[in-house]
1. Let a ≥ b ≥ c be the square roots of the eigenvalues of the Cα gyration tensor of the stretch B:21-186; is it rounded (a/c under 1.5), or, if not, prolate (a/b larger than b/c) or oblate?
2. What are the GluC sites (Glu not before Pro) within the stretch B:79-175 that DSSP puts in a loop, where the Cβ has at most 14 other Cβ atoms within 10 Å?
3. Can you figure out the FRET efficiency of A:Trp99 with B:Arg114, using R₀ = 51 Å and their beta-carbon distance, to the nearest 0.05?
4. In whole Hz and in residue order, list the ³J(HN,Hα) couplings for the stretch A:34-43 that follow from phi through the Karplus curve 6.51 cos²θ - 1.76 cosθ + 1.60, θ = phi - 60°; x for Gly and Pro.
5. Partner chain Cβ atoms within 10 Å, averaged over the residues of A:46-58 - can you pull that number for me?
6. I'd like to know which of B:Gly149, B:Leu134, B:Ala184 lies farthest towards the positive end of the charge dipole of the stretch B:21-186, counting +1 on Cβ of Lys and Arg and -1 on Cβ of Asp and Glu.
7. I'd like the chymotrypsin sites (Phe, Trp or Tyr not before Pro) in the stretch A:119-183 restricted to DSSP loop residues with at most 14 other Cβ atoms within 10 Å, sorted by number.
8. Which length gain, in nm to one decimal place, applies between B:Val66 and B:Glu80 when the Cα-Cα distance is subtracted from 0.36 nm times their residue separation?
There are 2 protein chains.
Amino acid sequence: MPQGKVVTVPDDGLSTRQRRNRPLLVVHTGEMKGKSTAAFGLALRGWNQGWSIGVFQFVKSAKWKVGEEEAFRALGRVHEQTGQGGPVQWHKMGAGWSWTRRPGTEDDHAAAAREGWAEIRRRLQRQAHDLYVLDEFTYPMKWGWVEVGEVVEVLAAREGHQHVIITGRDAAPELIEAADLVMATTKIKHPMDAGQKGQRGIEW
Amino acid sequence: MPQGKVVTVPDDGLSTRQRRNRPLLVVHTGEMKGKSTAAFGLALRGWNQGWSIGVFQFVKSAKWKVGEEEAFRALGRVHEQTGQGGPVQWHKMGAGWSWTRRPGTEDDHAAAAREGWAEIRRRLQRQAHDLYVLDEFTYPMKWGWVEVGEVVEVLAAREGHQHVIITGRDAAPELIEAADLVMATTKIKHPMDAGQKGQRGIEW
């Protein structure tokens with residue numbers, strides 16, 4: 001399997017080593033659910049490197065994507081018990097952000113989304129995690145609940161070695177522009193086209 | 001976030017429930033490494049459902065993609081120790097298939113690939129796993145080591161409820177045709193374009 005080849009060497013005054021270790025802003029966008037799946041697959045590698053993983057799901061329902069959540073919580077316990085891998089924190093807007101005392105966020109999604117982003121900003125400031133997965137975070141930006149310009153500014157100014165992965169459809173052009181790596185997942189063929197509904201273990 | 005909508009209801013004599021539970025052949029193809037990452041992300045969901053996961057990596061080097069492997073091996077141990085999730089088996093061509101006595105396969109990749117496929121065929125026959133990840137398996141087909149027509153035939157005839165995910169570039173048209181779900185990951189922007197080399201935790 002071919003290793004990726006470097007096409008151009010930029011004139012940015014950085015050594016290959018410095019560039020190699022630059023923290024990345026990754027955006028997974030496109031039409032399918034594969035976006036989050038690929039982000040969590042990537043997070044497996046970070047976990048194995050011993051990184052602190054922070055997942056923030058900007059979804060309305062508390063029940064979404066329980067498969068990945070359970071698996072990562074299990075990996076977090078592996079770390080606590082054996083020291084293998086890294087610590088894992090998993091926070092969900094729909095269940096009420098775990099750092100607040102409020103039980104749920106059914107009433108005001110916009111306020112809940114802003115609260116989530118404010119906490120991420122604080123954590124970036126104190127370099128709380130090595131890898132942040134901001135799942136479905138494009139939507140609060142799309143709907144104007146969180147200002148994309150501010151997000152890009154905060155991410156650009158983050159210190160240390162914090163990787164950030166943002167998933168969701170319709171990523172804003174400013175976000176694409178700011179990102180180091182942008183991936184899009186395209187459906188070529190899907191069972192729903194043939195009248196099949198989602199099934200346990202595959203869709204969630 | 002919208003649930004997938006069924007576009008047409010096929011006239012195949014199956015109930016929605018029967019169609020819903022049909023085992024899937026999934027192909028992740030396209031230009032980037034996100035293919036395998038997304039397949040392993042999907043396997044997290046299956047693990048959480050208590051499925052038996054069998055991973056078969058058709059890669060030449062024993063060192064590839066160690067991040068996901070270590071994480072899934074940890075999840076397999078979680079299952080053994082606590083009963084959570086499902087059992088995990090991880091086999092790698094480059095390390096010498098673990099069911100053979102031979103130490104490595106550096107000499108004859110074609111024979112090693114055929115040996116891997118023969119074992120998968122036997123496991124499908126006895127319904128050994130609920131989810132098979134055949135990582136980079138498009139290449140042995142592309143290079144003519146394993147006959148794509150036979151693969152499609154064996155997969156079409158598999159019994160029970162065995163899901164199969166195949167990853168790799170240049171999936172054969174017959175395989176695409178036979179698949180229920182085909183996903184392609186497209187690079188919109190990649191750090192290697194800007195002269196950055198791969199880094200630990202992100203690329204492997």
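Read-outs: derived from the displayed coordinates by stated rules, not from any lab. Please read these numbers as outputs of a predicted model, since none were measured by experiment. Cβ sites come from the backbone with ideal geometry, for glycine too, and all protein chains shown count toward neighbours.
1. It is rounded, given that a/c, with a ≥ b ≥ c, falls under 1.5.
2. Here the sparse-neighbourhood loop sites are B:Glu106, B:Glu147, B:Glu159.
3. It comes out at approximately 0.40.
4. Residue by residue, the stretch A:34-43 yields x, 4, 5, 4, 5, 5, 6, x, 5, 5 Hz.
5. 3
6. B:Leu134
7. When the chymotrypsin sites (Phe, Trp or Tyr not before Pro) of the stretch A:119-183 are filtered for loop state and at most 14 Cβ neighbours within 10 Å, A:Trp143 remain.
8. Extra length available between B:Val66 and B:Glu80 comes to 2.9 nm.
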